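Some notes on the structure that comes next.
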Amino acid sequence: MLGYFGPAGTFTHQALRTLGTGDARPFSSVVSAITAAAAGEVEASLVPIENSVEGGVSATLDTLAAVGGLQIIREVVIPVQFGLYVRPGSTLADVTSVLTHPHAAAQCRGWLDAHLPKGADITEGGSTAGAAKEVSDPFSRYDAAICAPVAADMYNLVPAAERLGDNANAVTRFVLVGRRGPVAARTGDDRTTVVAFMHEDHPGALLDILQQFAFRGINLSRIESRPTKDQLGSYCFSIDAVGHIDDERMAAALKGLHRVCSEVTFLGSYPHAVVDGSPAPVQPPTPAGSTDRAYREAEAWFAEVTGRSVEQQSHVAD
């Protein structure tokens, strides 16, 4: 059984349904969903990690950095499309009071100001799924809920308006997190996630980390600093890099990180996901000197020069 950041009817639940799973267990927080996966209470848990409008999800980033033995198995990306849902028989013109979550209200503010009937009130509550449940009650004082389509389906609401979001291209990225195990085979369009901890704060500390990727022609799709919570000014870096650990250049970059960091947490290599129907982003070409072939040829050349095999080279003392 899989777990997910609940309750049922949220965007995480909607993302989970794209995986085609059966029964799933909702958790009340990102932390509890991830720790349940780490403890083996569920096979894996789906949690949000990044939103194209709001950025990284701090609870997910911090928990993945703090809890050991975890691995990202795959990712899911879905559009964040809010709708204004009402009880059957009602229309937009009938709406005088709306219930939703504060984040949903903020992301739909422009549309609401332009299209809600004059004088309609907006109340911000606990969750969009909870708003849908409340509005489904025929005796509710609320006429409409701003929520995800999955919540409207659950509570038999109908759309008074759809695609309310002020940013039509907003998406949220989710990751399925489980216990560490075999890494998925590379597909040629993969992401690798790591958390890098500095030895100590010093000029160029971040540059030391970034150079491990830049030297080897690896593009980064996300990098965020997060406090280690040890002391003020102590940070780690959560990084998504384009490529797979089985790529020669990625393996070399991770080894380089291990040399310059106090700790490196490898969180997995997994296929890159895009919104259904959307073209995959065009990635910069791999520099000629950073291909797998270039690395293998360099190893072979060095073995010939030194007269030592690759295995013998690894045993040479520093």
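The values are calculated or read from the model by the stated rules, or taken from the named source; none is laboratory data. From a predicted model like this one, the values you see are computed outputs, not experimental measurements. Cβ: placed from backbone, ideal geometry, glycine included. Neighbour counts: every protein chain shown. Heads up: the accessible areas ignore ligands, DNA and RNA and are worked out on the full protein's heavy atoms, side chains in. Shrake-Rupley method; radii C 1.70, N 1.55, O 1.52, S 1.80 Å.
Here the chain carries DSSP beta bridges of which approximately 80% are antiparallel, counting only pairs with both residues inside. Once you sort the root eigenvalues of the Cα gyration tensor of the stretch 40-125 as a ≥ b ≥ c, which label holds: rounded (a/c under 1.5), prolate (a/b larger than b/c) or oblate (the other case)? In terms of gyration-tensor shape, prolate. Counting alpha carbon pairs within less than 8 Å and at least 6 residues apart, what relative contact order, in whole percent, applies to the chain? Relative contact order for the chain comes out at 20 percent. Note on exposure: Asp276, Asp240, Asp292 ranked by accessible area (1.4 Å probe, complete protein assembly) read Asp276, Asp292, Asp240, with the most exposed listed first. Between Trp301 and Lys255, what FRET efficiency follows from the Cβ-Cβ distance if R0 is 22 Å, with the result rounded to 0.05? Using R0 = 22 Å, I get an efficiency of 0.70. Note on Ser140 and Asn156: the extension gain reaches 4.3 nm, defined as 0.36 nm multiplied by sequence separation minus the Cα-Cα distance. Taking every protein chain into account, the accessible area of the chain amounts to 51 square angstrom per residue (probe 1.4 Å). Among the trypsin sites (Lys or Arg not before Pro) in the stretch 186-287, those placed in a DSSP loop whose Cβ has at most 15 other Cβ atoms within 10 Å are Lys229. If you plug the beta carbon distance of Lys118 and Val274 into 1/(1 + (r/R0)^6) with R0 = 51 Å, you get a FRET efficiency near 0.80. Sorting Met1, Met198, Met154 by accessible area puts them as Met1, Met154, Met198; the probe is 1.4 Å, largest comes first, and only protein heavy atoms count.
The stretch between Ala294 and Glu43 holds 86.5 nm of extra length on full extension. This uses 0.36 nm per residue minus the Cα-Cα distance. Computed extension length for Asn219-Asp94: 39.9 nm, one decimal, from 0.36 nm per residue of separation with the Cα-Cα distance subtracted.
For Leu2, the accessible area of its heavy atoms, probed at 1.4 Å with every protein chain present, is near 20 square angstrom.
The simple spin-label model puts a point 7 Å past each Cα toward its Cβ; for Asp166 and Glu54 those points are separated by 1.5 nm. The candidate values are [x] 17.7, 51; [y] 20.3, 64; [z] 23.5, 84; the one derived from this structure for Rg and Dmax of the Cα atoms in Å carries the label [z]. Averaging the sequence gap over all C-alpha pairs within less than 8 Å and six or more residues apart, then dividing by the number of residues, gives the stretch 71-163 a relative contact order of 46 percent.
Under 20 Å Cα to Cα from Lys133, which aspartates and glutamates show up? Leave out anything in the same chain fewer than 8 places away. Candidates past the 8-residue exclusion: Asp94, Asp121, Glu124, Asp143, Asp153, Glu162.
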